[in-house]
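The values are calculated or read from the model by the stated rules, or taken from the named source; none is laboratory data. Predicted model, so just to flag it, every value in this text is computed and none were measured. Cβ placement follows ideal geometry from the backbone for every residue including glycine, while neighbour counts extend to all protein chains displayed.
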Amino acid sequence: MTRSDDTYLTLEQRCEVAYSQSLKAQSSALFVSIHVNSAQTKEASGFEILTKQQNKRVTFL
């Protein structure tokens, strides 16, 4: 999903979009959500990765 405006979608709406675009059960799919974060300190740098495996809680790496 690429946004063409700044319309806010709730988490539930974003999930609906992701699930509606899923491929057949035999196929593979990758859902990537890119966000831009900020910090109060200039020394902050790096990235964060969140993963979700089926039937498991989200893991913070």
A careful count of residues in region 4-28 that are loosely packed, with under 10 Cβ neighbours inside 10 Å and either at pLDDT below 70 or in contact with a helix residue (DSSP H, G or I) (Cβ under 9 Å, 6 or more places away or on another chain) (or both) gives 6
Search region 40-61 for residues being of a type in the set (A, V, I, L, M) and under 20 Å from the mean Cα position of the chain (by Cα), and hand back the single one that is modelled with the lowest pLDDT. Leu61
